[in-house]
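Okay, so here's the structure we're looking at.
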Amino acid sequence: MKVAIASDHGGYEYKQKLIPFIRDLGHDVFDLGTADETSVDYPDYAFSLGERVASGEFERGILICGTGIGMSISANKVKGIRCALCQETYSAVMSRGHNDANVLAVGGRTIGIEVAKEIVSVWLSTSFLGGRHQKRVDKINAYDNNR
Ligand code: RB5
């Protein structure tokens, strides 16, 4: 799968650790920045990654900031993005199965790196269940398309 990843300075360390981890899972990972721990503004990275996932250039996106909150708030402003902020694996699985989340946000200062790896792993490998969940996601998409 083509996966984009981006962070601000607060998520840079985890981004660097997650990139080889995701590659080892068998995915093509594209690093959209940031390039070091110099202070940057998370919305710039969330909007850029979100636009590129929404356009279909990437199938999924992963965003990391200090808490994951700023990235998730920003990414969810992009039309077509359903970004889930996850701190544990159950939510990561549900965000795919029930919500068809196409972007995952995690915090680089709120969870351990091993937990972050587990979240990323299950999030990338879980499919959307469709069925009764489809009409709910359809409602989100309809709202998105009519604003
Ligand atoms: C940066 O200091 C911090 O505000 C950012 O990484 C993130 O946690 C915002 O939600």
- prompt: Using just the C-alpha positions of the chain as equal point scatterers, what log10 of I(q)/I(0) does the Debye formula give at each q in 0.15 1/Å?
  reply: -0.66
query: Could you put MET1, MET71 in order, starting from the residue whose Cβ has the fewest other Cβ atoms within 10 Å?
result: MET1, MET71
field: In the chain, lysine pairs closer than 19 Å at Cα, eight or more apart or cross-chain
entry: 8
- prompt: Taking 0.36 nm per residue of separation and subtracting the Cα-Cα distance, what length does fully extending ILE140 through THR126 add?
  reply: 3.0 nm
- prompt: Measuring from the lowest to the highest alpha carbon on each principal axis, how far does segment 65-147 reach, largest first, in angstroms?
  reply: 38, 25, 13
- prompt: To the nearest 0.05, how large is the calculated FRET efficiency for GLU118 and LYS77 if R₀ is 25 Å and r is the Cβ-Cβ distance?
  reply: 0.35
- request: Taking H placed 1.01 Å from N in the peptide plane, check which residues at least 5 places from ARG82 or on another chain put their amide H under 5 Å from its amide H.
  value: ASN102, VAL103
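Using square roots of five times the C-alpha gyration tensor eigenvalues, list the equivalent-ellipsoid semi-axes of segment 16-88 in whole Å, biggest first.
18, 16, 13
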field: Centroid-to-centroid separation of segment 55-119 and segment 8-28 [C-alpha atoms, Å]
entry: 13 Å
message: If you filter segment 1-66 for trypsin sites (Lys or Arg not before Pro), then keep DSSP loop positions with at most 13 other Cβ within 10 Å, what is left?
response: none
- prompt: Fully extended, how many nm does the chain gain between GLU13 and ARG147 (0.36 nm per residue separation, minus their Cα-Cα distance)?
  reply: 44.6 nm
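Taken together, the values in this text are just the output of simple stated rules run on the coordinates, not laboratory data. Everything quoted here is computed from the prediction, not taken from an experiment. Every residue, glycine among them, receives a Cβ derived from its backbone with ideal geometry; neighbour counts consider all protein chains shown.
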